[in-house]
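Chemist: Would you mind keeping the following structure in view while I ask a few things?
Bear in mind these aren't lab numbers, they're just calculated from the coordinates by the rules spelled out. Every value quoted in this text rests on a predicted model; they were computed, and no experiment measured them. Cβ sites come from the backbone with ideal geometry, for glycine too, and all protein chains shown count toward neighbours.
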Amino acid sequence: MSFEEKEMAENIKRISGVNPRKCMKCGKCSGTCPAYEEMDYHPHEFVAMVEKGRIDELLASKSIWTCLSCFACVERCPRSVEPAKLIEAVRLEVIRAQGANHLKAVQIPELLDEKLPQQAIVSAFRKYSK
Amino acid sequence: MQRIGVFVCWCGTNIAATVDVKAVAEAARKEPGVVFATDYQYMCSEAGQKLIRDAIAEHKLTGVVICSCSPRMHEATFRKTVEAAGLNPYMLEVANIREQCSWIHKDRTEATEKAVVLARTAIAKVSLNVPLTAGESPVTKRALVIGGGIAGIQSALDIADAGYEVDIVEKQPTIGGKMTQIDKTFPTLDCAACILTPKMVDAAQHEKITIYSYSEVTEVTGFVGAFKARIKRKARFVDETKCTGCGECTSKCPSKKNKNEFNLGLDNRTAIYIPFAQAVPKVAVIDAESCIKKKTGKCGLCQKICGAGAIDYEQKDEYIEREYGAIVVATGYNPIDLAKYDEYAYSQSPDVVTSLELERLMNAAGPTKGTLLRPSDGTHPHTIVFIQCVGSRCDDARGKPYCSKICCMYTAKHAMLIREKYPDTEVHVFYIDVRTPGKNFDEFYRRAVEQYGVDYIKGMVGKVVPHDGKLLVQGSDLIANEQVRIEADMVVLAAAIEPDKSARSIATMLTASIDTNDFFTEAHPKLRPVESPTAGVFLSGVCQGPKDIPETVAQASACAAKVIGLLAKDKLKGNPCVAHVNEEMCNGCSTCEKVCPYGAITYQDKEFRVPGPKRTEIRRVASVNEAVCQGCGACTVACMSGAMDIKGFANKQIFAEVDAICR
């Protein structure tokens, strides 16, 4: 792990309050995730990649926008690792960088359809409101 | 003035790497009373002990201080050493400069300084030590075994075979425990009942063993060699001496819809029942909560039918009091309650079962007579999903932090048996790790995969959703890096195991320690694994930690060996460090009597000489029963007149230690 990678990983851990070392690699987070098919990196991979310092790839991932923030992985993780908080932290890193937002809030209404879960809409407002 | 010798141990590099042992010996030599001080590489070795003995003789030492490891480790060793050289064993003090100094400090200067202070403290104490002599107490040649599962039975049989009386107290109506509910045993697949029931019968027929079934230990007093236990024999409303176990009553009882505990509620039993065909003792019991006669006063059918006249609705709980030399704890375990794991739909669908329930569903004496059928509709399941580690290895409030140890093997067993009996059934096992240390264990698991075609998936199930008579299982396959969905007919949960609920109250009763998970603590995790730190209390089976049947039996026999070693002695040497009252100072206030947790203090009127014309007067003073006192020191703290002291730990000795530290 380079110095930059290490620093970025430390930052994500600090923002999220998550210690990826607690993970026992059981995969329950990815087993329970309702948005699994929409993700390029899955919840368990987030945990492993933050530990390895592969933050650049996560910052560019589709997953940070497709995570529903439903917190099923947080609720069910047997080791209290809380993967959704890591995903949220990576997302915040992107949002906080000027102009790096994925979508503008005004673009959201036209993307809504009937099948979209309520949870996704609620969390979208948090994701894109800045 | 004492002539004190100080011996500083290096413990190899354990102490010497952090503490300047020569400097400690040097500093000790300057203390008042010290006539000799030295250091040596391993003081506990034979050469080290000889050095101590020789120094005692050469320098006419009257007190010895060893600066070494914790007294818990080697105090007994060094007491024997000084005793061999003709000193009283209680003229020895150990200064712990390893656990309390070298192991926890990094800075050599600071650690050395602290070691000097610890040495000085021990010297101050030993200067005030007086020779003590341990009293002796007799040993009652009878053992009490709490819990009649395979662990308790094995311990009882071994102790009884050595010629000692044993009482087994079992809270259920029959002995046998969890093993009676298990169908087959890994890795040999022999039937559990076939190997267990002969042992149950052996225990019942053994002339030295008495079984108190449907009974509980309610109170234990006393100490090693002389425990006194109160046993409650719960009213079973059937006279054990008359009942022949014919079962006529159970076939006629009109109250039929009561949860059958033996089959884990998968079917019903009558209000009067015999738990199962091979129950020991094979005596019926009436469950008062569902008996119509007990509830309404009308019925009495069983009493009319019983040819032996054994039914007695008026039977009351009885109590027995008996003395024991040793107590074996074999209280066992239970699977955890899965109500908190609703993502697996355990409370939503009857087709989601625990592994122990599956044992009953596959057992010939079970609710389905050994044919595997879905509890919901009685059809054959064609796809079965096993989920491992349900509640084990969890650091959250829902589960247990430990590995339950037995689940990997019994799941491989279940999967294998199902594939063998019903080859058209698909079996999937979700696992985090497969843990199979043990003789022929990994081979067994590999056989399930390679020969029986069980599908092992590395990953965990996220949720189970009952839908249209099926169970939709969604989990992850970490090797394929994909989310899998399986439409299953049955889901089997490998629930974590936890110590029986009685463990905590029994531990309190015995003043035996338990850990944060309620498992009984061993006296030493490696070197004394079957003894509790409380003298005379021994541990057998899962009450000490998760283990399988072979391990339980091995531990039960080891435990029996320790009990036999104790019962074989005629007298036990007591601990001389017990409370002692200075009658001249005692004001008779009774405070010590009230705080004593062992009931060792009583008060009596005594005649004392007084100046003046009366010459004598009668005063009420405390008196300590040294055989019962455990030397806890509660009385010395409570005593307002300063009359109470613990021998070997007298108040003036403690103050001398404090002064030495603060100097």
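Chemist: For B:Ser70 and B:Lys501, compute 0.36 nm times the residue count separating them, minus their Cα-Cα distance, and round to one decimal in nm. Display every interim value, and only then the final one.
Modeler: Details: separation 431, 0.36 × 431 = 155.16 nm, distance 3.44 nm.
151.7 nm is the gain from fully extending B:Ser70 to B:Lys501.
Chemist: Next question. Can you give me the relative contact order of chain B as a percent, contacts being Cα pairs under 8 Å and 6 or more apart? Walk me through the numbers on the way to the answer.
Modeler: Working: 1432 pairs, mean separation 83.8, N = 663.
Once divided by the residue count of chain B, the mean separation gives 13 percent.
Chemist: Right, something else. Would you tally the net charge around B:Glu46, using a Cβ to Cβ cut-off of less than 13 Å, leaving B:Glu46 out, and scoring K and R as +1, D and E as -1? Before the final figure, lay out the partial values.
Modeler: Values: positive: B:Lys50, B:Arg53, B:Lys80; negative: B:Asp54.
Surrounding charge for B:Glu46 is +2.
Chemist: What is the mean projected area of the alpha carbon convex hull for region B:4-126, to one decimal in square nanometres?
Modeler: Details: hull surface 24.5 nm².
Result: a mean projected hull area of 6.1 nm².
Chemist: Hey, another quick one. Express in whole angstrom the spacing between the alpha-carbon centres of region B:178-214 and region B:617-663.
Modeler: Region B:178-214 and region B:617-663 have Cα centres spaced 51 Å from each other.
Chemist: Under 8 Å for C-alpha pairs, at least 6 residues apart: give me the relative contact order for chain A, rounded to a whole percent.
Modeler: 27
Chemist: Rounded to whole Å, give me the distance from the Cα center of region A:33-70 to that of region B:1-47.
Modeler: For region A:33-70 versus region B:1-47, the Cα centre distance is 60 Å.
Chemist: Please list 3J(HN,Hα) in residue order for region B:440-454, calculated via the Karplus relation 6.51 cos²θ - 1.76 cosθ + 1.60 where θ = phi - 60°; whole Hz, with x for glycine and proline.
Modeler: After applying 6.51 cos²θ - 1.76 cosθ + 1.60, I find 6, 7, 5, 4, 4, 4, 5, 5, 4, 6, 7, 8, 9, x, 6 Hz.
Chemist: Compute the acute angle (0 to 90°) between the alpha-carbon long axis of helix B:150-161 and the principal axis of greatest extent of the alpha-carbon atoms of chain B; round to the nearest 10°.
Modeler: For B:150-161 against chain B, the angle is about 60 degrees.
Chemist: In whole Hz and in residue order, list the ³J(HN,Hα) couplings for region B:505-511 that follow from phi through the Karplus curve 6.51 cos²θ - 1.76 cosθ + 1.60, θ = phi - 60°; x for Gly and Pro.
Modeler: Here the 3J(HN,Hα) series is 5, 5, 4, 5, 4, 8, 6 Hz.
Chemist: Can you give the local net charge around B:Val6? Use residues other than it whose beta-carbon is closer than 11 angstrom to its beta-carbon, Lys and Arg +1, Asp and Glu -1. Present the calculation step by step, with values, prior to reporting the outcome.
Modeler: On the way: positive: B:Arg29, B:Lys30, B:Arg120; negative: B:Glu26, B:Glu31, B:Asp39, B:Glu93.
So the surrounding residues net to -1.
Chemist: Moving to a separate point now. Just want the ordering: B:Thr270, B:Thr188, from fewest to most Cβ atoms lying within 10 Å of their own Cβ.
Modeler: On the way: B:Thr270 23, B:Thr188 10.
In increasing order of surrounding Cβ atoms, one gets B:Thr188, B:Thr270.
Chemist: If I stretch the segment between B:Ala554 and B:Leu373 completely, what's the gain in nm (0.36 nm per residue apart, minus their alpha carbon distance), one decimal? Don't skip to the answer; put the middle values down first.
Modeler: Working: separation 181, 0.36 × 181 = 65.16 nm, distance 3.56 nm.
Separation in residues times 0.36 nm, less the Cα-Cα distance, equals 61.6 nm.
Chemist: For region B:644-657, just list the computed ³J(HN,Hα) in residue order, Karplus coefficients 6.51, -1.76 and 1.60, θ = phi - 60°, integers in Hz, with x standing in for Gly and Pro.
Modeler: With the stated coefficients, region B:644-657 comes to 8, 9, 9, 5, x, 9, 5, 3, 5, 5, 4, 5, 4, 5 Hz.
Chemist: What Kirkwood hydrodynamic radius do you get for chain B when you take the inverse of the mean 1/r over all pairs of distinct Cα atoms, in Å?
Modeler: Values: mean 1/r = 0.0342 Å⁻¹.
Kirkwood hydrodynamic radius for chain B: 29.3 Å.
Chemist: Tell me which trypsin sites (Lys or Arg not before Pro) from region B:293-359 have a DSSP coil assignment and no more than 12 other beta carbons within 10 Å of their own. Provide the component values of the computation, followed by the final result.
Modeler: Details: sites: B:Lys293, B:Lys294, B:Lys295, B:Lys298, B:Lys304, B:Lys316, B:Arg322, B:Lys340; in loops: B:Lys298, B:Lys316.
Those that pass, being in a loop and sparsely packed, are B:Lys298, B:Lys316.
Chemist: Further, regarding this structure: Roughly what angle does helix A:83-96 make with the longest principal axis of chain A, taking Cα atoms, 0 to 90 degrees, to the nearest 10?
Modeler: 70
Chemist: Sequence-distant or interchain residues sharing an amide H contact under 5 Å with B:Thr383, placed H: which?
Modeler: Amide H neighbours of B:Thr383, under 5 Å, 5+ apart: B:Glu426, B:Asp489, B:Met490.
Chemist: Quick query: amide H of B:Val238 versus all other amide H atoms, modeled in the peptide plane; which residues come in under 5 Å with a sequence gap of 5 or more or a different chain?
Modeler: B:Ile286, B:Asp312
Chemist: How far, in nm, would the chain grow between B:Ala339 and B:Glu321 when pulled straight, counting 0.36 nm per residue and subtracting the alpha carbon separation? Could the numbers behind the result be given before it?
Modeler: On the way: separation 18, 0.36 × 18 = 6.48 nm, distance 3.97 nm.
Fully extending the segment from B:Ala339 to B:Glu321 adds 2.5 nm.
Chemist: What cysteines in chain A have no other cysteine with a beta carbon less than 4.7 Å from their beta carbon?
Modeler: A:Cys23, A:Cys26, A:Cys33, A:Cys67, A:Cys70, A:Cys77, each lacking another Cys Cβ under 4.7 Å.
Chemist: Tell me, what is the FRET efficiency for B:Lys50 and B:Arg619 to the nearest 0.05, using R0 = 35 angstrom and their Cβ-Cβ distance as r?
Modeler: 0.10
Chemist: Over region B:208-256, calculate the relative contact order: mean separation of alpha carbon pairs under 8 Å at least 6 apart, over the residue count, as a percent.
Modeler: On the way: 32 pairs, mean separation 13.6, N = 49.
The normalised contact order for region B:208-256 reaches 28 percent.
Chemist: Also: Provide the net charge surrounding B:Leu417, with neighbours chosen by a C-beta distance below 11 Å and charges set as Lys +1, Arg +1, Asp -1, Glu -1. Numbers along the way, then the final one.
Modeler: On the way: positive: B:Lys184, B:Lys413, B:Arg419, B:Lys421; negative: B:Asp183, B:Glu359, B:Glu420.
Cβ neighbours under 11 Å give a net charge of +1.
Chemist: Still on this structure, I have one more. Hey, what angle do you get for helix B:46-59 against the long axis of chain B, alpha-carbon based, 0 to 90 degrees rounded to 10?
Modeler: Tilt of helix B:46-59: around 20 degrees.
Chemist: Treat the count of other C-beta atoms within 10 Å as a stand-in for reagent exposure and order B:Ser505, A:Ser61, B:Ser251 from fewest to most. Numbers along the way, then the final one.
Modeler: Numbers: B:Ser505 13, A:Ser61 21, B:Ser251 10.
Arranged by neighbour count, lowest to highest, B:Ser505, A:Ser61, B:Ser251 become B:Ser251, B:Ser505, A:Ser61.
Chemist: Among B:Phe276, B:Phe520, rank each residue by its count of other Cβ atoms within 10 Å, from fewest to most, as a rough exposure measure. Mind dumping the intermediate values first?
Modeler: On the way: B:Phe276 19, B:Phe520 27.
Least crowded to most crowded, the residues run B:Phe276, B:Phe520.
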